[in-house]
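**Student:** One structure follows; several queries about it will come next.
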Amino acid sequence: MNQNIRVRFAPSPTGPLHIGGMRTALFNYLFAKKHGGTFVLRIEDTDQTRFVPGAEAYILESLEWCGLKPDEGPQQGGGFGPYRQSERRAQYHQYALQLLDSGFAYYAFDTPEELENLRKEYESRGDTFVYDARVRASLHNSLTMDKQAVEELITAGTPYVIRFKFESGKEIVMQDLVRGEVVVNSSTLDDKILFKSDGMPTYHLANVVDDNLMAISHVIRGEEWLPSLPLHVSLYRAFGWEHLMPGFAHLPLILKPTGKGKLSKRDGEKGGFPVFPLEWQDPVSGEVSPGYREEGYLPEACVNMLALLGWNPGTEQELFSLDELIRQFQLEKVGKSGSRFDPEKAKWFNHQHIQHIDNKALIKPFRSVLELKGVTIGDAKLSILIPVIKPRISFLHEIWEQSWFFFVAPDSYDPAVVKKRWKEGTPEMMDTLALALEQCESFTAASLEAMIKGVIEENGWGMGAVMNAWRLLLVGEAKGPGLFDLAAFLGKNEVIDRMKRGMAQLGR
Ligand code: GLU
């Protein structure tokens, strides 16, 4: 493939990045890295009315958290900067002028009130007003005035916009790397505004001009931009840049857990799962939306989950590191149809990625959770605890809930478990067990297991009856890891102590 692969992630800082946006960033990153190309971050902030303070910093932090480091961008700089469109604003006007000169664009002086009236008039007839080839000849624009009148209006400072002039009745043929050939008739398109009365370009003009100036080879973005493709392709042609036109790939939508419709912020609120990579506080309303990071997801798990929303490796493999994704990613394996978001699967990915963390690397997070609970613990004990608890957690914040009984004796006993497990004859079994434990010299998991199994066999008891009752005394409920591991960790005195306390409470 072409060596000069350059892709860009081009978010608008209008709020927090949705996970769909993160997926777009990820696919761009994977494609760039796979082909030894360049991953560019460009901030598209030309729409001043939608600017949200903090949103750009949020985007940068989200990319960093997921390990998607741009090669060029507002922070890194690069040979094609600046990377914020607001800092490039001076250059866009000349491109709009170029299109005016070549007849691909025109000035429109229609005031917002005039357009609003037209909209209402059409609406009252059950029709929709569209500024297009059918109506432009009857409107207030440079196509319907002589040159001098236009110049006078402009010199007088009359507000204007510059619109793209679509020829009517033309088939626009486009190639999409995900969808193949896409054909749209230009009669269905409106004459989109390229340059606004506030002196700023619209998204369309700035986006195409910058993709060209930044030598972007592939535009990989969400499906919601597919309707803009005919305009963008037409702009490339109008500028005479068709031979430089990037490849386009429109990624499928991420769907609600029900599979019906696009995943929204509300779905997250209803289903109790985040739709943003990081927590976000709305600067105006103060409303806080949860983030994957704050909910305890590992960035590796998030990246893995996002990669499989729309991309299919073509094998059964589901677990990928970022490096493996780079190796295996192919744009050709991105599907056309929307991918359903499954919050349970997200948890599964986190569980799996936690299992892949080296036990040594877990010492620090375990210790910090335990210290918060006032437990100080040496490395030796931690190295026993970690392999026992790790398989039982999907999040690091579950460490305490899955391990408190290693450090604290139960002060109550789950009534449902008591009812089921504390039967006639149980206290006598526990007496015998306690006695055997007291006499036991080697308190390791293996020797405890051998000894206790022997006692059970000698007495002809049921293994389940003994172990479940013993667990109730040591933990207070029916949960927890293997009891021999737990008992070995607690040591003889604590085990006997818990048994005595439990028996005293539960009675005979
Ligand atoms: N600024 C657009 C957005 O916010 C970029 C779309 C594109 O990638 O062309 O998504």
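Bear in mind these aren't lab numbers, they're just calculated from the coordinates by the rules spelled out. Keep in mind that what you see is a predicted model, and the values were worked out from it rather than measured. We place every Cβ from the backbone using ideal geometry, glycine too, and count neighbours over all the protein chains shown.
**Student:** Cβ-Cβ below 7 Å, separation at least six or inter-chain, first residue in the range 215-232 and over 19 Å from L244 (Cα atoms), second more than 11 Å from the ligand (Cβ to nearest atom): which pairs?
**Tutor:** What qualifies is E223/P252; E223/L253.
**Student:** Which of (1) within 23 Å of K192 (Cβ to Cβ); (2) crowded, with 20+ Cβ neighbours inside 10 Å; (3) of a type outside the set (F, W, Y); (4) out of contact with any Lys or Arg (no Cβ under 7 Å at 6 or more places or on another chain) does A10 not meet, given it meets every other one?
**Tutor:** Unmet for A10, out of (1) within 23 Å of K192 (Cβ to Cβ); (2) crowded, with 20+ Cβ neighbours inside 10 Å; (3) of a type outside the set (F, W, Y); (4) out of contact with any Lys or Arg (no Cβ under 7 Å at 6 or more places or on another chain): (4).
**Student:** Which ones in the range 246-286 are more than 15 Å from M22 (Cβ to Cβ) and of a type in the set (F, W, Y)?
**Tutor:** F248
**Student:** Within the range 184-204, which residues are part of a helix (DSSP H, G or I) and either within 12 Å of the ligand (Cβ to nearest atom) or β-branched (V, I, T) (or both)?
**Tutor:** Scanning the range 184-204 gives T188, Y203, H204.
**Student:** May I pose another question? So which helices (runs of 4 or more DSSP H) are wholly in the range 62-169 and hold at least 3 residues that are more than 25 Å from T46 (Cβ to Cβ)?
**Tutor:** 112-124, 147-155
**Student:** Let me ask something else. With the structure loaded, tell me whether G296 is in contact with a Leu (Cβ under 7 Å, 6 or more places away or on another chain) and outside any strand (DSSP E or B) or whether it fails that test.
**Tutor:** Answer is yes for this residue.
**Student:** Give the residues of the range 267-322 that are on the phi > 0 side of the Ramachandran plot and either out of contact with any strand residue (DSSP E or B) (no Cβ under 9 Å at 6 or more places or on another chain) or surrounded by fewer than 23 Cβ atoms within 10 Å (Cβ to Cβ) (or both), sorted by residue number.
**Tutor:** Those that are on the phi > 0 side of the Ramachandran plot and either out of contact with any strand residue (DSSP E or B) (no Cβ under 9 Å at 6 or more places or on another chain) or surrounded by fewer than 23 Cβ atoms within 10 Å (Cβ to Cβ) (or both): G272, G286, G296, G314.
**Student:** Let me ask another. Kindly provide the set of residues from the range 475-508 that are on the phi > 0 side of the Ramachandran plot and either aromatic (F, W, Y) or loosely packed, with under 15 Cβ neighbours inside 10 Å (or both), ordered by number.
**Tutor:** Within the range 475-508, G491, G507 meet the criteria.
**Student:** May I pose another question? Restricted to the range 190-234, and to residues that are within 29 Å of F329 (Cα to Cα) and small (G, A, S), which residue is surrounded by the fewest Cβ atoms within 10 Å (Cβ to Cβ)?
**Tutor:** A215
**Student:** Sort out which residues of the range 77-97 are out of contact with any strand residue (DSSP E or B) (no Cβ under 8 Å at 6 or more places or on another chain) and free of Cβ contacts under 8 Å to residues at least 12 places away in the same chain, and write them in order of number.
**Tutor:** Within the range 77-97, G77, P82, E87, A90, Q94, L97 meet the criteria.
**Student:** Next up: Report yes if some residue within the range 234-249 is in contact with a strand residue (DSSP E or B) (Cβ under 9 Å, 6 or more places away or on another chain), more than 22 Å from G37 (Cβ to Cβ) and either assigned to a strand (DSSP E or B) or within 14 Å of the ligand (Cβ to nearest atom) (or both); otherwise report no.
**Tutor:** Yes; the residues of the range 234-249 include at least one that is in contact with a strand residue (DSSP E or B) (Cβ under 9 Å, 6 or more places away or on another chain), more than 22 Å from G37 (Cβ to Cβ) and either assigned to a strand (DSSP E or B) or within 14 Å of the ligand (Cβ to nearest atom) (or both).
**Student:** Take the residues in the range 4-43 that are in a loop (DSSP other than H, G, I, E, B) and over 18 Å from the mean Cα position of the chain (by Cα); name whichever of them is farthest from the ligand (Cβ to nearest atom).
**Tutor:** G36
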